[in-house]
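Peer 1: Can you keep this structure in mind? I'll have questions shortly.
The values are calculated or read from the model by the stated rules, or taken from the named source; none is laboratory data. Source: prediction; values computed, not measured. Here Cβ is always computed from backbone atoms with ideal geometry, including for glycine, and neighbour counts include all displayed protein chains. Side chains included, ligands, DNA and RNA excluded: accessible areas come from the protein's heavy atoms. Shrake-Rupley method; radii C 1.70, N 1.55, O 1.52, S 1.80 Å.
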Amino acid sequence: LFQVLGRMAGRLAWQLLPQHHASILWSFAACEVKDGVLELADALLPAMQARPFTDYDARQAAGMLWSLAVLSEKHQSMIEFLLHAVCHSGTEGLVRDGPAHLALS
């Protein structure tokens with residue numbers, strides 16, 4: 001199931017919205033599926049980078065960072081993108097939304 005989900009998400013990455021990117025990555029973490037998550041991140045990242053940073057709110061970024069952390073995956077490029085996206089105009093959004101969301105772990 002997750003192999004198909006990952007492949008389809010990779011193919012549709014450019015058409016998906018930021019909340020879809022976050023939800024798909026979250027689903028891998030919530031079900032503790034490590035197999036294919038780095039390939040999924042590789043497929044999603046170019047589509048994410050093509051969007052304005054403001055498209056990603058702190059809750060979405062925190063969820064994706066949580067997903068990578070839960071799976072113990074170090075996708076440095078995605079981590080850097082997400083941190084830059086939520087901190088580009090200050091850390092207020094991450095401070096406000098991030099810890100509450102991350103507390104679920």
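Peer 1: Considering only residues that are of a type in the set (Lys, Arg) and not in a helix (DSSP H, G or I), which ones fall in the range 1-57?
Peer 2: Just the residues of the range 1-57 that are of a type in the set (Lys, Arg), to begin with: 7, 11, 34, 51.
Matches in the range 1-57: Lys34, Arg51.
Peer 1: Collect the residues in the range 48-63 that are surrounded by 14 or more Cβ atoms within 10 Å (Cβ to Cβ) and among the hydroxyl-bearing types (Ser, Thr, Tyr), keeping them in residue-number order. Reasoning before the result, please.
Peer 2: At the first step, the residues of the range 48-63 found to be surrounded by 14 or more Cβ atoms within 10 Å (Cβ to Cβ) are 48, 51, 53, 55-63.
Hit for the range 48-63 is Tyr56, nothing else.
Peer 1: Report the residue count in the range 65-83 for those that are in a helix (DSSP H, G or I) and either over 11 Å from Met48 (Cβ atoms) or under 10 Å from the mean Cα position of the chain (by Cα) (or both). Please lay out each step first, then the result.
Peer 2: Step one: of the range 65-83, the residues in a helix (DSSP H, G or I) are 65-70, 76-83.
Adding the requirement that they be either over 11 Å from Met48 (Cβ atoms) or under 10 Å from the mean Cα position of the chain (by Cα) (or both) leaves 65-70, 76, 78-83.
So the count comes out to 13.
Peer 1: Restricting attention to the range 1-47, which residues are open to solvent by 70 Å² or more (accessible area, probe 1.4 Å) and of a type in the set (Phe, Trp, Tyr)?
Peer 2: Correct list: Trp14, Trp26.
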